[in-house]
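The values are calculated or read from the model by the stated rules, or taken from the named source; none is laboratory data. Fair warning: this is a prediction, and the values are worked out from it, not measured in the lab. Reconstructed Cβ throughout: ideal geometry from the backbone, glycine too, with neighbour counts over all protein chains shown. Please note that ligands, DNA and RNA were not included when accessible areas were found on the heavy atoms of the full protein model with its side chains. Shrake-Rupley method; radii C 1.70, N 1.55, O 1.52, S 1.80 Å.
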Amino acid sequence: MKDKTIRKTNKQIIEELQARRELARSGGGVERVKKQHNAGKLTARERISLLLDEGTFEETDMFVIHKIREFGMDGKTIPGDGVVTGSGKIFGRLVYVYAQDFTVFGGSLSSAHASKIVKIMKLAIQNQAPLIGMNDSGGARIQEGVESLGGYADVFLQNALASGVIPQISLVMGPCAGGAVYSPAMTDFTFMIKGTSYMFVTGPDVVKTVTSEEVTFEELGGADTHTTKSSVADGSFVNDLEGLKEVRRFFTFLPSNNNEKLDPRKTDDSIKRISPSLDTLIPQNPNTPYDIKELIETIADENDFFELQKEYAKNIVIGFIRLDGLTVGVVANQPLVLAGCLDIDSSRKAARFVRFCDAFNIPIFTLVDVPGFMPGTTQEYGGIIKHGAKLLFAYAEATTPKVTLITRKAYGGAYDVMSSKHLRGDANYAWPTAEIAVMGAKGAVEILNRSDLNDKELIETKTKEYEDRFANPFIAAERGFIDDIIIPNNTRFRVIQAFSKLKTKNQKNPKKKFGNIPL
Ligand code: HXC
């Protein structure tokens, strides 16, 4: 008997596949895409194609749909279910990506949507490649209920498991509200887009009901808020285009995983390049500020510095440079702001960065010009002891190569904290202008001569005496706390030399599950 069913031809089958793909690629449809563009935002697929090297994106789970039946969702499906996931390359290196598609159910997260994200997170961990998430979502899929909440928790779990194994980067490019904010917060770096992205646990309406505060979306959770006030975001960009371009640049500084040593980037910048301007960087007057970023940029390969959290806790500067082609994390006191004092915010900012570098074996270059911890009730009540201890702890446990340079002040506890020899600094240098002491001369003399404070002449003489004795790097160098006092113009060479000898460093902490950093 002949088979009477009319089978599709292979051509028809392939055409059907193409049509299904086209449907998935069209997302929420022409009108919603237009709305997305009019809001100044690119679509999920446009974002992915700009982030990745041309033609490298391989999509997974393009045909996934939700299983929701309630609230009119039965049969109302769009393939992909509001998130585009897959892998590709950035400057030839493998990366896993997901981009929420706001044109499909507002990018809201259903359990199917979450499963897609979880699948590529697991692949990223297994294949030891970084993960970049682009968030643009109305939050939990309201029609689904608790399953979507479960989906979020599944993502959070993978964020925690991936932490310290592969770098995780979040680009918040639209709404990110409720518990949804916690996935970006659990990743290593979060970047936002000015004017079109926001992050908050509860929106302005709930805020008004609960606290009677009237606040706009932008004030509550816009890019400026999170880069200047909360430190939730590590940086922000003017639009999607700039954000994606800069994340590509940022990616070049990061290894793919905690086992990989990044290949050095080719550079024509000579390691022996002398920088005469550094000989006069430190002002004659020890209380005159100068910009530590000048030093960082001067010694970096091609003067290229990717600064993180630049608008937050400006009294400390963090970011990445390359030295002779190799990525180095920089932590530097900034004398231009609060005289470079360590306070709660700067300690937290630097501690997390030190831990990221250590987790991924990125060498740390620490620049020290610090008059001490910030005094006062605001700091004490805010827990400066605990927060300062975070930085101390982070440096102490770090086994990645550590090179330290004291340019001027290294006073008190802050001397200890800032990657001192005592915390296993591998190479500790000072410029001849360094002052390493328990505290500044004036303060020290006033404490030691309390009963003679009215004798101005005596105080001046004693201050001069204290400065002559302690305001230099030689006492520390005599004790071996400083390995060498170097000529400023030769800093690039000396620091590169130090790091090159540390390439084979092998240091281990006592075996444990993990240390209990004062969170
Ligand atoms: C289902 C949603 C949605 C959601 C938006 N949409 N959010 N669908 N679940 N959570 C849909 C809208 O119905 C609309 O569909 C489309 O997405 C675009 O939304 P608009 O409101 O038209 O866009 P816009 O005016 O730009 O406003 C964006 C918005 C708003 C501010 C994000 O949509 C909004 O407030 N959404 C709800 C936010 C929220 O409360 N989410 C739950 C948070 S609690 P159509 O078909 O008309 O295009 C949460 C808990 C997580 O997330 C806990 C994890 C632990």
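Working only within segment 265-287, note down all residues that are closer than 17 Å to Glu435 by Cβ and either within 31 Å of the chain's Cα centre (by Cα) or open to solvent by 100 Å² or more (accessible area, probe 1.4 Å) (or both). Listed by number, the residues that qualify are Leu281, Ile282, Gln284, Asn287.
Among the residues of segment 112-129, is any within 12 Å of the ligand (Cβ to nearest atom), more than 23 Å from Gln36 (Cα to Cα), open to solvent by 30 Å² or more (accessible area, probe 1.4 Å) and not in a loop (DSSP other than H, G, I, E, B)? Talk me through it step by step, then tell me what you get.
Filtering segment 112-129 for residues within 12 Å of the ligand (Cβ to nearest atom) gives 113-114.
This time we only want the ones that are more than 23 Å from Gln36 (Cα to Cα), so: none.
No.
Residues in segment 58-80: is at least one more than 10 Å from the ligand (Cβ to nearest atom), outside any loop (DSSP other than H, G, I, E, B) and free of Cβ contacts under 8 Å to residues at least 60 places away in the same chain? Within segment 58-80 (the criterion being more than 10 Å from the ligand (Cβ to nearest atom), outside any loop (DSSP other than H, G, I, E, B) and free of Cβ contacts under 8 Å to residues at least 60 places away in the same chain), the answer is yes, since at least one residue qualifies. So Ile296 ticks every box in (1) part of a loop (DSSP other than H, G, I, E, B); (2) buried (at least 18 other Cβ atoms within 10 Å of the Cβ) but one. Which box is left unticked? Unmet for Ile296, out of (1) part of a loop (DSSP other than H, G, I, E, B); (2) buried (at least 18 other Cβ atoms within 10 Å of the Cβ): (1). Within segment 130-170, restricting attention to residues that are β-branched (Val, Ile, Thr) and open to solvent by 50 Å² or more (accessible area, probe 1.4 Å), the residue that is nearest to the ligand (Cβ to nearest atom) is Ile142.
The residues on offer are Val165, Val215, Val181, and the sole one that is part of a loop (DSSP other than H, G, I, E, B) and closer than 24 Å to Val83 by Cβ is Val165. Look through segment 38-56, keep the residues that are open to solvent by less than 90 Å² (accessible area, probe 1.4 Å) and more than 22 Å from Gly86 (Cα to Cα), and return whichever of them is farthest from the chain's Cα centre (by Cα). This residue is Ala39.
Is it true that Lys35 is within 16 Å of the ligand (Cβ to nearest atom) and either open to solvent by less than 50 Å² (accessible area, probe 1.4 Å) or not in a loop (DSSP other than H, G, I, E, B) (or both)? Judged against the criteria, Lys35 is a match. Taking the criterion of being touching a helix residue (DSSP H, G or I) at 6+ places or on another chain (Cβ under 6 Å), in a helix (DSSP H, G or I) and more than 24 Å from Ala398 (Cα to Cα), the residues of segment 468-519 that qualify are Pro488, Asn489.
Of the helices (runs of 4 or more DSSP H) lying entirely inside segment 362-444, those containing at least 3 residues that are open to solvent by 30 Å² or more (accessible area, probe 1.4 Å) and closer than 13 Å to Asp343 by Cα span 377-382, 384-397.
Across segment 82-111, the qualifying residues are those that are within 27 Å of Gly145 (Cα to Cα) and of a type in the set (Phe, Trp, Tyr), and the one among them that is least open to solvent (accessible area, probe 1.4 Å) is Tyr98. Within segment 107-134, work out how many residues are under 18 Å from Met173 (Cα atoms) and in contact (Cβ under 8 Å) with a residue 60 or more places away in the chain. The number of residues fulfilling the criteria is 4.
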